[in-house]
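**Student:** I have a structure here, written as C-alpha coordinates, and I will follow up with some questions on it.
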Amino acid sequence: MVEIANISVVRNGAAPALDSVSFRVPRGARCAVLGANGAGKTTLLLSIMGLLPLSAGEIFIDKIRVERRNVSLIRRKAALVFQNPDDQLFFPTVVEDVMFGALNRGESEESARTQSEKLLADFGIARLAERRPQELSDGEKKKAAICSALACSPEVLLLDEPSSLLDPRSRRECAQMLARLPQTALLSTHDLDFAAKVCQYSAVLSNGKLSAFGKTAEVMDDEKLLAEAFLV
(Lines give C-alpha, C1' and ligand atoms only; values in the text may rest on other atoms or scores of the structure.)
Protein backbone atom coordinates (compact mmCIF):
# COMPACT_ATOMS: atom_id res chain seq x y z
CA MET A 1 0.00 0.00 0.00
CA VAL A 2 1.12 3.55 -0.75
CA GLU A 3 -0.44 6.33 1.30
CA ILE A 4 -0.05 9.98 0.35
CA ALA A 5 -1.17 12.06 3.33
CA ASN A 6 -1.73 15.79 2.75
CA ILE A 7 1.70 16.36 1.18
CA SER A 8 3.07 19.61 -0.17
CA VAL A 9 6.36 20.18 -1.97
CA VAL A 10 7.87 23.61 -2.56
CA ARG A 11 10.95 23.78 -4.77
CA ASN A 12 13.31 26.77 -4.89
CA GLY A 13 10.85 29.07 -3.19
CA ALA A 14 8.40 28.91 -6.10
CA ALA A 15 4.70 28.12 -5.98
CA PRO A 16 4.02 24.63 -4.56
CA ALA A 17 4.75 21.83 -7.03
CA LEU A 18 2.38 19.76 -4.91
CA ASP A 19 -0.23 21.30 -2.64
CA SER A 20 -2.07 19.27 0.04
CA VAL A 21 -2.28 16.05 -2.00
CA SER A 22 -3.83 12.95 -0.38
CA PHE A 23 -4.81 9.53 -1.72
CA ARG A 24 -4.16 5.86 -1.04
CA VAL A 25 -3.25 3.06 -3.47
CA PRO A 26 -4.16 -0.41 -2.18
CA ARG A 27 -1.57 -3.18 -2.13
CA GLY A 28 -1.21 -4.80 -5.56
CA ALA A 29 -3.23 -2.10 -7.34
CA ARG A 30 -2.03 0.02 -10.25
CA CYS A 31 -2.72 3.74 -10.18
CA ALA A 32 -2.24 6.26 -12.98
CA VAL A 33 -1.11 9.72 -11.93
CA LEU A 34 -2.69 11.83 -14.66
CA GLY A 35 -1.94 15.42 -15.50
CA ALA A 36 -0.65 17.82 -18.09
CA ASN A 37 3.01 18.83 -18.22
CA GLY A 38 3.89 20.73 -15.04
CA ALA A 39 0.99 19.27 -13.05
CA GLY A 40 3.30 17.73 -10.43
CA LYS A 41 3.39 14.11 -11.60
CA THR A 42 7.16 13.61 -11.58
CA THR A 43 7.50 15.55 -8.33
CA LEU A 44 5.08 13.11 -6.72
CA LEU A 45 7.05 10.04 -7.84
CA LEU A 46 10.36 11.54 -6.70
CA SER A 47 8.80 12.37 -3.34
CA ILE A 48 7.58 8.80 -2.86
CA MET A 49 11.16 7.61 -3.43
CA GLY A 50 12.44 10.08 -0.85
CA LEU A 51 14.37 12.04 -3.49
CA LEU A 52 12.59 15.33 -2.73
CA PRO A 53 11.89 16.69 0.76
CA LEU A 54 8.29 17.33 1.73
CA SER A 55 7.24 20.78 2.88
CA ALA A 56 4.25 19.24 4.67
CA GLY A 57 2.45 15.93 5.07
CA GLU A 58 3.63 12.32 5.08
CA ILE A 59 4.10 9.42 2.69
CA PHE A 60 3.97 5.77 3.76
CA ILE A 61 4.93 2.60 1.88
CA ASP A 62 3.48 -0.43 3.65
CA LYS A 63 3.15 1.74 6.78
CA ILE A 64 6.84 2.74 6.66
CA ARG A 65 7.21 6.49 6.64
CA VAL A 66 9.25 7.93 3.81
CA GLU A 67 11.93 9.94 5.59
CA ARG A 68 15.71 10.21 5.69
CA ARG A 69 16.27 7.52 8.34
CA ASN A 70 14.19 5.02 6.32
CA VAL A 71 15.57 5.80 2.86
CA SER A 72 17.54 2.55 2.47
CA LEU A 73 14.51 0.50 3.48
CA ILE A 74 12.18 2.45 1.19
CA ARG A 75 14.51 1.94 -1.76
CA ARG A 76 14.52 -1.80 -1.15
CA LYS A 77 10.74 -1.74 -1.31
CA ALA A 78 10.28 0.69 -4.23
CA ALA A 79 11.93 1.18 -7.62
CA LEU A 80 11.62 4.11 -10.01
CA VAL A 81 11.76 4.01 -13.81
CA PHE A 82 12.82 7.45 -15.04
CA GLN A 83 11.15 9.09 -18.03
CA ASN A 84 14.49 9.24 -19.84
CA PRO A 85 16.03 5.73 -19.89
CA ASP A 86 19.48 7.22 -20.51
CA ASP A 87 19.37 8.28 -16.84
CA GLN A 88 19.03 4.63 -15.82
CA LEU A 89 21.20 2.55 -18.17
CA PHE A 90 24.93 2.82 -17.56
CA PHE A 91 26.54 -0.65 -17.88
CA PRO A 92 28.35 -1.90 -21.02
CA THR A 93 25.53 -4.31 -21.94
CA VAL A 94 21.77 -4.44 -21.43
CA VAL A 95 21.86 -7.68 -19.45
CA GLU A 96 24.46 -6.23 -17.06
CA ASP A 97 22.20 -3.25 -16.43
CA VAL A 98 19.30 -5.56 -15.59
CA MET A 99 21.48 -7.85 -13.46
CA PHE A 100 22.65 -4.95 -11.31
CA GLY A 101 19.51 -4.89 -9.15
CA ALA A 102 19.52 -8.63 -8.52
CA LEU A 103 23.23 -8.62 -7.66
CA ASN A 104 22.59 -5.80 -5.17
CA ARG A 105 20.00 -8.00 -3.50
CA GLY A 106 22.68 -10.64 -2.94
CA GLU A 107 21.81 -13.00 -5.79
CA SER A 108 24.58 -15.05 -7.33
CA GLU A 109 25.76 -13.97 -10.76
CA GLU A 110 24.24 -17.08 -12.32
CA SER A 111 20.86 -16.50 -10.65
CA ALA A 112 20.92 -12.78 -11.51
CA ARG A 113 21.64 -13.53 -15.16
CA THR A 114 18.87 -16.15 -15.35
CA GLN A 115 16.32 -13.76 -13.83
CA SER A 116 17.47 -10.90 -16.04
CA GLU A 117 17.29 -12.91 -19.23
CA LYS A 118 13.75 -13.98 -18.32
CA LEU A 119 12.69 -10.36 -17.76
CA LEU A 120 14.17 -9.34 -21.11
CA ALA A 121 12.33 -12.22 -22.78
CA ASP A 122 9.05 -11.24 -21.07
CA PHE A 123 9.39 -7.74 -22.54
CA GLY A 124 10.31 -9.09 -25.98
CA ILE A 125 13.91 -7.85 -26.01
CA ALA A 126 15.92 -11.00 -25.21
CA ARG A 127 17.85 -10.48 -28.44
CA LEU A 128 19.27 -7.24 -27.01
CA ALA A 129 20.91 -8.80 -23.93
CA GLU A 130 24.49 -8.35 -25.10
CA ARG A 131 23.94 -5.05 -26.92
CA ARG A 132 25.25 -1.72 -25.66
CA PRO A 133 22.39 0.45 -24.34
CA GLN A 134 23.65 3.34 -26.48
CA GLU A 135 22.92 1.29 -29.60
CA LEU A 136 19.24 0.77 -28.79
CA SER A 137 16.23 2.70 -30.02
CA ASP A 138 14.44 4.90 -27.51
CA GLY A 139 11.66 2.33 -27.17
CA GLU A 140 14.12 -0.51 -26.57
CA LYS A 141 15.89 1.56 -23.94
CA LYS A 142 12.58 2.19 -22.20
CA LYS A 143 11.83 -1.53 -22.00
CA ALA A 144 15.35 -2.27 -20.74
CA ALA A 145 14.96 0.40 -18.03
CA ILE A 146 11.69 -1.17 -16.85
CA CYS A 147 13.41 -4.56 -16.70
CA SER A 148 16.28 -3.10 -14.67
CA ALA A 149 13.78 -1.79 -12.09
CA LEU A 150 11.86 -5.07 -11.93
CA ALA A 151 15.12 -6.96 -11.38
CA CYS A 152 15.28 -5.29 -7.95
CA SER A 153 12.09 -7.23 -7.04
CA PRO A 154 10.34 -4.12 -5.71
CA GLU A 155 7.02 -4.30 -3.91
CA VAL A 156 6.16 -0.88 -5.37
CA LEU A 157 7.02 0.14 -8.93
CA LEU A 158 6.99 3.81 -9.95
CA LEU A 159 7.09 4.68 -13.65
CA ASP A 160 7.47 8.18 -15.08
CA GLU A 161 5.75 8.42 -18.48
CA PRO A 162 6.22 4.72 -19.34
CA SER A 163 4.49 4.94 -22.73
CA SER A 164 6.60 7.82 -24.03
CA LEU A 165 9.12 6.91 -26.77
CA LEU A 166 7.26 3.65 -27.57
CA ASP A 167 5.91 2.85 -31.02
CA PRO A 168 2.29 1.56 -31.15
CA ARG A 169 3.21 -2.12 -30.97
CA SER A 170 5.72 -1.65 -28.13
CA ARG A 171 3.23 0.54 -26.33
CA ARG A 172 0.57 -2.18 -26.53
CA GLU A 173 3.01 -4.90 -25.38
CA CYS A 174 4.26 -2.76 -22.52
CA ALA A 175 0.70 -2.07 -21.34
CA GLN A 176 -0.07 -5.79 -21.37
CA MET A 177 3.05 -6.60 -19.35
CA LEU A 178 2.47 -3.88 -16.76
CA ALA A 179 -1.18 -4.90 -16.35
CA ARG A 180 -0.03 -8.39 -15.32
CA LEU A 181 2.56 -7.33 -12.75
CA PRO A 182 1.86 -8.24 -9.09
CA GLN A 183 3.50 -5.11 -7.70
CA THR A 184 1.69 -2.05 -6.45
CA ALA A 185 2.39 0.46 -9.21
CA LEU A 186 2.04 4.19 -9.76
CA LEU A 187 2.67 5.54 -13.23
CA SER A 188 2.64 9.15 -14.30
CA THR A 189 1.20 9.82 -17.73
CA HIS A 190 -1.03 12.03 -19.83
CA ASP A 191 -1.68 9.04 -22.13
CA LEU A 192 -5.29 8.28 -21.19
CA ASP A 193 -5.59 5.19 -23.39
CA PHE A 194 -2.46 3.63 -21.86
CA ALA A 195 -3.68 4.42 -18.34
CA ALA A 196 -7.07 2.84 -19.07
CA LYS A 197 -5.41 -0.39 -20.24
CA VAL A 198 -3.09 -0.68 -17.23
CA CYS A 199 -4.57 0.96 -14.13
CA GLN A 200 -7.57 0.23 -11.94
CA TYR A 201 -7.27 3.62 -10.22
CA SER A 202 -6.39 7.12 -11.34
CA ALA A 203 -5.35 10.29 -9.54
CA VAL A 204 -5.69 13.54 -11.48
CA LEU A 205 -3.28 16.39 -10.71
CA SER A 206 -3.77 19.96 -11.89
CA ASN A 207 -1.36 22.74 -10.92
CA GLY A 208 -0.05 20.64 -8.06
CA LYS A 209 -3.46 19.93 -6.55
CA LEU A 210 -5.42 16.68 -6.56
CA SER A 211 -8.50 17.18 -8.72
CA ALA A 212 -9.85 13.65 -8.40
CA PHE A 213 -9.04 10.12 -7.27
CA GLY A 214 -11.07 7.02 -8.04
CA LYS A 215 -11.58 4.08 -10.33
CA THR A 216 -10.06 4.76 -13.73
CA ALA A 217 -13.26 4.06 -15.67
CA GLU A 218 -15.15 6.63 -13.58
CA VAL A 219 -12.40 9.24 -13.89
CA MET A 220 -12.22 8.74 -17.66
CA ASP A 221 -15.98 9.27 -17.95
CA ASP A 222 -15.75 12.75 -16.43
CA GLU A 223 -15.06 14.86 -19.51
CA LYS A 224 -15.33 18.14 -17.59
CA LEU A 225 -12.69 16.99 -15.10
CA LEU A 226 -10.32 15.86 -17.88
CA ALA A 227 -10.81 19.09 -19.82
CA GLU A 228 -10.11 21.24 -16.76
CA ALA A 229 -6.89 19.23 -16.19
CA PHE A 230 -5.89 19.82 -19.85
CA LEU A 231 -5.96 16.06 -20.54
CA VAL A 232 -8.42 16.30 -23.46
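The values are calculated or read from the model by the stated rules, or taken from the named source; none is laboratory data. Fair warning: this is a prediction, and the values are worked out from it, not measured in the lab. Because the Cβ atoms are built from the backbone with ideal geometry, glycine has one as well, and the counts that use them run over all protein chains shown. Note: areas computed on protein heavy atoms with side chains; ligands, DNA, RNA excluded. Shrake-Rupley method; radii C 1.70, N 1.55, O 1.52, S 1.80 Å.
**Student:** If I go through the stretch 41-69 residue by residue, how many of them are in a helix (DSSP H, G or I), more than 16 Å from residue 25 (Cβ to Cβ) and of a type in the set (A, V, I, L, M)?
**Tutor:** First pass over the stretch 41-69, keeping only residues in a helix (DSSP H, G or I): 41-48, 68-69.
Then drop every residue that is not more than 16 Å from residue 25 (Cβ to Cβ), which leaves 42-43, 46, 68-69.
Remaining after also requiring of a type in the set (A, V, I, L, M): 46.
Residues flagged as in a helix (DSSP H, G or I), more than 16 Å from residue 25 (Cβ to Cβ) and of a type in the set (A, V, I, L, M) within the stretch 41-69 amount to 1.
**Student:** So, one more: Which residues, counting only those in the stretch 68-123, are open to solvent by less than 70 Å² (accessible area, probe 1.4 Å), touching a residue at least 12 places away in the same chain (Cβ under 8 Å), under 27 Å from residue 1 (Cα atoms) and not hydrophobic (A, V, I, L, M, F, W, C)?
**Tutor:** Within the stretch 68-123, 70, 77, 85, 88, 101, 115, 116, 122 qualify.
**Student:** Also: Within the stretch 70-98, count every residue that is closer than 19 Å to residue 183 by Cα, assigned to a helix (DSSP H, G or I) and hydrophobic (A, V, I, L, M, F, W, C).
**Tutor:** Looking only at that region, the number is 3.
**Student:** So is residue 8 open to solvent by 10 Å² or more (accessible area, probe 1.4 Å), touching a Pro at 6+ places or on another chain (Cβ under 8 Å) and either β-branched (Val, Ile, Thr) or not in a loop (DSSP other than H, G, I, E, B) (or both) or not?
**Tutor:** Yes: the conditions hold for residue 8.
**Student:** So residue 192 clears everything in (1) at pLDDT 95 or above; (2) surrounded by fewer than 23 Cβ atoms within 10 Å (Cβ to Cβ); (3) under 20 Å from residue 87 (Cα atoms) except one condition, right? Which one?
**Tutor:** Tallying (1) at pLDDT 95 or above; (2) surrounded by fewer than 23 Cβ atoms within 10 Å (Cβ to Cβ); (3) under 20 Å from residue 87 (Cα atoms), residue 192 fails exactly one: (3).
**Student:** Now for a separate question. Tell me the residue from 202, 211, 170, 206 that is in contact (Cβ under 8 Å) with a residue 12 or more places away in the chain and under 17 Å from residue 150 (Cβ atoms), please. Lay out the reasoning, then the answer.
**Tutor:** On the way: 202 fails: under 17 Å from residue 150 (Cβ atoms); 211 fails: under 17 Å from residue 150 (Cβ atoms); 206 fails: under 17 Å from residue 150 (Cβ atoms).
From the options 202, 211, 170, 206, the qualifying one is 170.
**Student:** Criterion first (under 28 Å from residue 143 (Cα atoms), assigned to a helix (DSSP H, G or I) and not basic (Lys, Arg)) does residue 218 satisfy it? Steps first, answer last, please.
**Tutor:** Working: under 28 Å from residue 143 (Cα atoms): no; assigned to a helix (DSSP H, G or I): yes; not basic (Lys, Arg): yes.
It is false that residue 218 is under 28 Å from residue 143 (Cα atoms), assigned to a helix (DSSP H, G or I) and not basic (Lys, Arg).
**Student:** On to the next question. Given 188, 163, which one is without any contact (Cβ under 8 Å) to a residue 60 or more places away in the chain and either more than 13 Å from residue 35 (Cα to Cα) or not in a loop (DSSP other than H, G, I, E, B) (or both)? I'd like the intermediate steps shown before the answer.
**Tutor:** Working: 188 fails: without any contact (Cβ under 8 Å) to a residue 60 or more places away in the chain.
Just one listed residue meets the conditions, 163.
**Student:** Condition (residue is assigned to a helix (DSSP H, G or I) and either in contact with a His (Cβ under 8 Å, 6 or more places away or on another chain) or open to solvent by less than 20 Å² (accessible area, probe 1.4 Å) (or both)) applied to the stretch 19-33: is it met by at least one residue? Explain how you work it out, then say what you get.
**Tutor:** Keep residues of the stretch 19-33 that are assigned to a helix (DSSP H, G or I), which gives none.
Checked against the condition, which is being assigned to a helix (DSSP H, G or I) and either in contact with a His (Cβ under 8 Å, 6 or more places away or on another chain) or open to solvent by less than 20 Å² (accessible area, probe 1.4 Å) (or both), the stretch 19-33 yields no hits at all.
Conditions (1) within 17 Å of the chain's Cα centre (by Cα); (2) within 21 Å of residue 44 (Cβ to Cβ); (3) open to solvent by less than 60 Å² (accessible area, probe 1.4 Å), marked per residue:
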site: 167; (1), (2), (3): no, no, no
site: 184; (1), (2), (3): yes, yes, yes
site: 188; (1), (2), (3): yes, yes, yes
site: 212; (1), (2), (3): no, yes, yes
site: 215; (1), (2), (3): no, yes, no
site: 222; (1), (2), (3): no, yes, no
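**Student:** I'd like the full set of residues that are open to solvent by 10 Å² or more (accessible area, probe 1.4 Å) and not in a helix (DSSP H, G or I), limited to the stretch 132-153.
**Tutor:** Across the stretch 132-153, the qualifying residues are 132, 136, 137, 152, 153.
**Student:** Right, here's the next one. For the list (1) touching a helix residue (DSSP H, G or I) at 6+ places or on another chain (Cβ under 6 Å); (2) open to solvent by 40 Å² or more (accessible area, probe 1.4 Å); (3) in contact (Cβ under 8 Å) with a residue 60 or more places away in the chain; (4) not in a loop (DSSP other than H, G, I, E, B), I need the number of the one condition that residue 197 fails.
**Tutor:** (3)
**Student:** A further question on this structure: Just one of the numbered conditions (1) within 12 Å of residue 80 (Cα to Cα); (2) touching a helix residue (DSSP H, G or I) at 6+ places or on another chain (Cβ under 6 Å); (3) open to solvent by 10 Å² or more (accessible area, probe 1.4 Å) is not true of residue 161; which one?
**Tutor:** (2)
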